[in-house]
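The structure appears right after this line, and notes come after that.
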Amino acid sequence: MQFVEFGPGNAALDAAAQQTLAAITRALVVRPQLRIELPIGIAAAADRPAIVEQHYAQELAQVGAAGTASDAGAPAADIKAEQLKFLQQALLGGGHVDPERVFLVANGKVTVQDNAVRLELSLR
């Protein structure tokens, strides 16, 4: 229950991640003394190639649509910020958990497993 996974270069939460976060939210509601730590870190080995591929696909689409390449910038330029935003929205969206109980920590608990970026969430 303590892990949430994202696809490489992706910030969207899949159904399994949403269920995990819903269970964590319930635990936080029932136990107001708990707090949760969300790791801030990147899995460059997995995210970087996916982001480069996404950027390349966007450039190809723009060249096809406009006839010339554009300077669109990297897609998902800050994938970690997007991932954290989705995590915080899932945990805090219902208004049942005080935002002061959600901490961003630089603890290096971001790994790659089975081609997924895995964040280890810690309840304390």
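Structure summary
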{"item": "Qualifying positions in the range 21-61 - assigned to a helix (DSSP H, G or I), surrounded by 17 or more Cβ atoms within 10 Å (Cβ to Cβ) and in contact (Cβ under 8 Å) with a residue 40 or more places away in the chain", "result": "L21, I24, T25, L28, A46, D47, A50, I51, Q54"}
{"item": "In the range 1-20, the residues that are over 17 Å from A81 (Cβ atoms) and loosely packed, with under 15 Cβ neighbours inside 10 Å", "result": "M1, Q2, D14, A15, A16, Q18, Q19"}
{"item": "The range 1-20 residues that are among the polar types (S, T, N, Q), paired with ones that are surrounded by fewer than 14 Cβ atoms within 10 Å (Cβ to Cβ) (beta carbon under 6 Å, 6 or more apart)", "result": "T20/M1"}
{"item": "Near pairs, Cβ below 9 angstrom, 6+ apart or cross-chain, from the range 82-99 (under 12 Å from A12 (Cβ atoms) and among the basic types (K, R)) to any residue that is in a helix (DSSP H, G or I) and at pLDDT below 90", "result": "none"}
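The values are calculated or read from the model by the stated rules, or taken from the named source; none is laboratory data. All figures in this text were calculated on a predicted structure; none of them were measured in a lab. Neighbour counts run over all protein chains shown; Cβ positions are idealised from the backbone, glycine included.
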